[in-house]
Amino acid sequence: MRFGSALALAGLAAAPMLAVPATAQADVQALPPCTLLVPAKIRVVTPNTAVTFREGADCKRAGVVSSSWRAYNPDNVKPFPPTARFEYGSTSMVHQWPDHYWGLWRFKPQWAWDDDVNQVATQNTPATWVKMGSWAQVTATRVGSKVTLRTSSARYAHTSNKFVAWAGSVGQLQYKAPGTTTWKPLKSVKSSSLGKYAYTYTSAAARDYRVYFVDATLIWGGPSATVRK
């Protein structure tokens, strides 16, 4: 076969292939949606924390009877990635999230089938952040106009399966007038190796207090309960 003829045949063979992706893309875009609902944050506080995944009502409207998504994290490769799967009318499932699957996990579609195993819907790609949970506490004592605030912070430790002092936790003491809703900054906080911090200042007026610890790389922060003094 001459070179020119070979090029002509190659061009004929390639022409249909160029048209297929555009058509396939149009078909996929025409399919109705099927949505996986996952919590934006997962707080791990036990060796296997229970997490609920839900299938959106749009899946049933699309005629989906079987759907599946698999979690993926390129920085945290594990042999059994979490999977959200729904079969024949189930719309929620509880997954026991392992306590060492940290980081940002994205759920990739696997299938959204009808009874004849046809893909009948487009699937979303939700994501969730997974970190260890923590708790915070503040106590207040008053002597005249002097108010002393003491904070404590602890976080879950997956290596020992219990809460331990959150050393070096960073946050802020905050206050507000009773009956108001806006918290104001009072003092920056960095806890000791025992997860403790203390601050004394002068205030004749009664105030509500709380401490708010910021998130760390693998630990969720958050506010304490409110105390009044």
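The values are calculated or read from the model by the stated rules, or taken from the named source; none is laboratory data. None of the values given here were measured: they were computed from a predicted structure. FYI the Cβ positions are ideal-geometry reconstructions off the backbone, even for glycines, and counts take in every protein chain you see. For accessibility, only protein heavy atoms count, side chains too; no ligands or nucleic acids. Shrake-Rupley method; radii C 1.70, N 1.55, O 1.52, S 1.80 Å.
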For this session: Search the stretch 147-187 for residues being part of a loop (DSSP other than H, G, I, E, B) and aromatic (Phe, Trp, Tyr), and hand back the single one that is most open to solvent (accessible area, probe 1.4 Å).
Result: TRP183
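I'd like the full set of residues that are open to solvent by 60 Å² or more (accessible area, probe 1.4 Å) and part of a loop (DSSP other than H, G, I, E, B), limited to the stretch 208-229.
Taking the stretch 208-229 as the starting set, the residues that turn out to be open to solvent by 60 Å² or more (accessible area, probe 1.4 Å) are 212, 214-215, 217-218, 223, 225-226, 228-229.
Those that are open to solvent by 60 Å² or more (accessible area, probe 1.4 Å) and part of a loop (DSSP other than H, G, I, E, B): VAL214, ASP215, THR217, LEU218, ALA225, THR226, LYS229.
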Exercise. Identify, please: which residue in the stretch 190-205 is over 17 Å from THR141 (Cβ atoms) and touching a residue at least 24 places away in the same chain (Cβ under 8 Å) and is, among those, most open to solvent (accessible area, probe 1.4 Å)?
Worked result: LEU194
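Can you tell me which of LYS78, LYS108 is open to solvent by 40 Å² or more (accessible area, probe 1.4 Å) and part of a loop (DSSP other than H, G, I, E, B)?
Working: LYS108 fails: part of a loop (DSSP other than H, G, I, E, B).
None of the others qualify; the one that does is LYS78.
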Exercise. Considering only the stretch 71-114, how many residues are farther than 26 Å from PRO47 by Cα, at pLDDT 95 or above and not polar (S, T, N, Q)?
Worked result: 6
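Give ALA121, ALA84 a once-over and let me know the one that is surrounded by 17 or more Cβ atoms within 10 Å (Cβ to Cβ), touching a helix residue (DSSP H, G or I) at 6+ places or on another chain (Cβ under 7 Å) and within 30 Å of ASP58 (Cβ to Cβ). Working first, answer last.
Details: ALA84 fails: touching a helix residue (DSSP H, G or I) at 6+ places or on another chain (Cβ under 7 Å).
Matching residue, one of ALA121, ALA84: ALA121.
Sort out which residues of the stretch 40-68 are open to solvent by less than 50 Å² (accessible area, probe 1.4 Å) and under 16 Å from the mean Cα position of the chain (by Cα), and write them in order of number.
First, pick out the residues of the stretch 40-68 that are open to solvent by less than 50 Å² (accessible area, probe 1.4 Å): 42, 44, 49, 51, 53, 55-56, 58-59, 62-68.
The answer is ILE42, VAL44, THR49, VAL51, PHE53.
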For this session: Show the residue pairs that are 6+ apart or on different chains and have beta-carbon atoms under 6 Å apart, the first residue being within the stretch 56-72 and touching a residue at least 12 places away in the same chain (Cβ under 8 Å), the second being in a strand (DSSP E or B) and of a type in the set (Ser, Thr, Tyr).
Result: CYS59/SER67; ARG70/THR83
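Within the group ARG142, ARG155, ARG210, which residue is within 25 Å of TYR101 (Cβ to Cβ) and among the basic types (Lys, Arg)? Steps first, please.
Details: ARG142 fails: within 25 Å of TYR101 (Cβ to Cβ); ARG210 fails: within 25 Å of TYR101 (Cβ to Cβ).
Selected residue: ARG155, the only one of ARG142, ARG155, ARG210 that is within 25 Å of TYR101 (Cβ to Cβ) and among the basic types (Lys, Arg).
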Exercise. So which residues in the stretch 127-146 are under 30 Å from PRO32 (Cα atoms) and open to solvent by 20 Å² or more (accessible area, probe 1.4 Å), if there are any at all?
Worked result: ALA127, TRP129
